[in-house]
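Data first, discussion second: the structure below is written as structure tokens.
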Amino acid sequence: MAQLDPRSSKDKNPRNFGNDNNFNWRGILLFACAIALLGGFLLSRNGSYGNVEEISFTDFEKYIDEGRISKEEPLQLIVTEGRSTQTLRGAYERGKKPSSLAGAPDHFKTTIFIEYNKDLKSELENRGYKVDIKADSDVMLSALLQFLPIALFFLILYFFFRQQIRNAGKGALNFGKSKARMLARDRNRVTFKDVAGVEEAKEEVQEIVDFLKDPKKFQKLGGRIPKGVLMVGPPGTGKTLLARAIAGEADVPFFSISGSDFVEMFVGVGASRVRDMFEQGKKSAPCIIFIDEIDAVGRHRGHGLGGGHDEREQTLNALLVEMDGFDTQEGVIIIAATNRPDVLDPALLRPGRFDRQITVNLPDVKGREEILRVHAKRVKLAEGVDLGVVARGTPGYSGAELANVINEAALLAARRGLKAITMAEMEEARDKVRWGKERRSLAISEKEKENTAYHEAGHALLCEVLEHTDPLHKVTIIPRGPSLGSTMYLPIEDKYTNRKNELLDRLVVIMGGRVAEEIVFGDVTNGATGDIRMATGIARKMVCEWGMSERLGMVEYGEHEDYVFLGRDISRSRAYSEATAQEIDREVKRLCDDSYQRALKVLTLRKETLVTIAKALLEYETLDGGQIREILNNGRLVNPPPPISPPNRDDRPPETSRPQPEGVGGLTEAPA
């Protein structure tokens, strides 16, 4: 969207000497005048003689006696008031300059002591010389001559650094101005029709739009609109897009600024920009001021590692005062967005500042389908592409990820030379966005490929055999992302909770890769690094957060948060004893060991099926959930996939280095 700064309009006339795009003739002219002024001062200082040679008075008397001093030019006797000396200036007789002064100027000057040469003027006139007496009383000229070199030095520095200062800060005196940019209302206007998947959030902000359109409707009943609205949600859910849609629906000025634009290297700049931003808003009321990523400036005060009062806190204080200081009847509404509400200062969240918090969650299956339809308007879809199927296969995807799925599918179809996007491109784009691109060009030895096949076969077999698991979506031994193989399973519908039996079975599925290696090869690899990390994290949450341990009960051990706020959490002590910590470790290990033994028992009983799945993976490289179920029911593949075709050279990804060992054969799952 086009963004305009109401204060950034400049005169583009080429005759404007101050324009950055034109040569700075005014500066050059001023500099030349200063040089000319200095030359004039020096000439006036030296009279009409120009350069002169300083000689002693003894030599002067000698040259007078020898007739070397010219009588054609008058001698100038310069008298300075209040001094005991005078200056006498003159010229040498043409052709009679002393040989010792060869190469010296034709003019000279000498210093006369008045006490010893009171009758000098009369003596010179008696010898036929003409003497002009001049008073040197221009004290101001002498002072200017002493000050002028310093002034010229600073003038040169000013012209030298002026352009750099403009480029860095758009003028040295404008660093305290707000960087809020006003979006043009007549270009790329965004409305609620362009926002999908957040219906509840749109309903909550609808009354803000109604207030901006008709403020008197609310004011005559005594009600007031919220001063500020804070939109909270995971990244990519459409918080910024929703704020732009509010401005588009209300058709009012929309000022946009990021939280990081307030704080800079100069002390007090952030607070000055806050005040200037609200001043702009009042002039354009009714309007909306949108602060993106407000956690950059609104962090909890007093939680810095060094303590004290820093620039960010000063900016936050100014923001708190401005939000609680202006009248809401002026029609200035603050909308802010963040995905870290846990670190915001409580004073910022109280009623009277941010009166309302709107949660923008990840879209459900219906919302995902609506988002896909919005973005699909910009591309060409082939007949038979069902966006509902794509939406059901993308649980946990944000709006930004869904937009990326459509874009990747369009790029893939164009690379393949297709005229429209088919379901195959949509499937490939979905997997690429979440799990990475297939790396078919990666050279893998047959031994490692066989190990990866059995590892993934163990995951896939347990995923289908166990009762409380999500349906298997796909299993592949084609390197994708950081792993050499992946087992993907997706829930039938959106899930917001996990039962204990589901978590226990998930632990068993995670252990299946390492167990399959042990059963078949009698040895294990480091390819289960990601599996071990995932299993340990689930088991520890079951014990410490979810109360799913019979031994430790319904107690939360420690304050577990999704994000760490270093200034607050670094000094927080553990809320349980050392004995309890040992008990937690034992319980986590028991859950993992029990899951490993269950996986070992199931895969040992079904070793033949495990081998069949692994051989099918070695032959076809990728199998979907239906083909794995065919092997379980019939002992073989009834409808095998088409044979593997070598990758198209134009579609082949760039050469990559061999992944680290911890990425080998890792299990990848769709989020619940």
Residue set PRO105, PRO74; condition over 21 Å from ARG127 (Cβ atoms) and at pLDDT 65 or above; output residue PRO105
Looking only at region 611-637, and only at residues there that are closer than 18 Å to HIS473 by Cα, aliphatic (A, V, I, L, M) and more than 48 Å from the chain's Cα centre (by Cα), the one that is modelled with the lowest pLDDT
LEU637
For residues that are under 25 Å from GLU448 (Cβ atoms) and free of Cβ contacts under 8 Å to residues at least 40 places away in the same chain, tally how many sit in region 587-614.
2
Report every pair of residues separated by at least 6 positions or lying on different chains whose Cβ atoms are under 6 Å apart, first residue within region 342-358 and free of Cβ contacts under 8 Å to residues at least 12 places away in the same chain and more than 14 Å from ILE291 (Cα to Cα), second aromatic (Phe, Trp, Tyr) and exposed (fewer than 15 other Cβ atoms within 10 Å of the Cβ).
none
Which one of LEU632, LEU637, LEU605 is open to solvent by 80 Å² or more (accessible area, probe 1.4 Å) and among the hydrophobic types (A, V, I, L, M, F, W, C)?
LEU605
Going through ILE358, ILE406 one at a time, which residue ends up being on the phi < 0 side of the Ramachandran plot and modelled with pLDDT of 90 or more?
ILE406
Name the residue, out of ILE532, ILE538, that is in a helix (DSSP H, G or I), modelled with pLDDT of 90 or more and open to solvent by less than 50 Å² (accessible area, probe 1.4 Å).
ILE538
Looking only at region 220-243, which residues are farther than 16 Å from SER398 by Cα, open to solvent by 70 Å² or more (accessible area, probe 1.4 Å) and touching a residue at least 60 places away in the same chain (Cβ under 8 Å)?
ARG224
Out of the residues in region 261-283 that are outside any loop (DSSP other than H, G, I, E, B) and at pLDDT below 75, state the one that is surrounded by the most Cβ atoms within 10 Å (Cβ to Cβ).
GLY270
Output the number of the condition that GLY367 fails; it satisfies all remaining conditions of (1) at pLDDT 85 or above; (2) open to solvent by 30 Å² or more (accessible area, probe 1.4 Å); (3) not in a strand (DSSP E or B).
(2)
The lone condition VAL321 fails out of (1) over 21 Å from the mean Cα position of the chain (by Cα); (2) open to solvent by less than 10 Å² (accessible area, probe 1.4 Å); (3) at pLDDT 75 or above is (2)
Can you confirm whether GLY417 is touching a helix residue (DSSP H, G or I) at 6+ places or on another chain (Cβ under 7 Å), among the small types (Gly, Ala, Ser) and farther than 26 Å from ASP364 by Cβ?
no
Hey, THR656 exposed (fewer than 13 other Cβ atoms within 10 Å of the Cβ) and either modelled with pLDDT of 80 or more or not in a helix (DSSP H, G or I) (or both) or not
yes
Here are ILE584, ILE628: which of them is in contact with a strand residue (DSSP E or B) (Cβ under 7 Å, 6 or more places away or on another chain) and of a type in the set (A, V, I, L, M)?
ILE628
Options GLY388, GLY417, GLY384; residue that is open to solvent by less than 10 Å² (accessible area, probe 1.4 Å) and more than 28 Å from the chain's Cα centre (by Cα)
GLY388
Could you tell me which numbered condition SER256 fails, if it satisfies all but one of (1) under 24 Å from ARG340 (Cβ atoms); (2) in contact with a Phe, Trp or Tyr (Cβ under 9 Å, 6 or more places away or on another chain); (3) modelled with pLDDT of 80 or more; (4) assigned to a helix (DSSP H, G or I)?
(4)
Would you check if GLY512 is assigned to a helix (DSSP H, G or I), at pLDDT 90 or above and of a type in the set (Gly, Ala, Ser)?
yes
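The values are calculated or read from the model by the stated rules, or taken from the named source; none is laboratory data. As the structure is a prediction and not an experimental result, all values here were calculated from the model. Counting neighbours? That spans all protein chains shown, and the Cβs are built from the backbone with ideal geometry, glycine included. All accessible areas refer to the heavy atoms of the entire protein, side chains included, with ligands and DNA or RNA removed. Shrake-Rupley method; radii C 1.70, N 1.55, O 1.52, S 1.80 Å.
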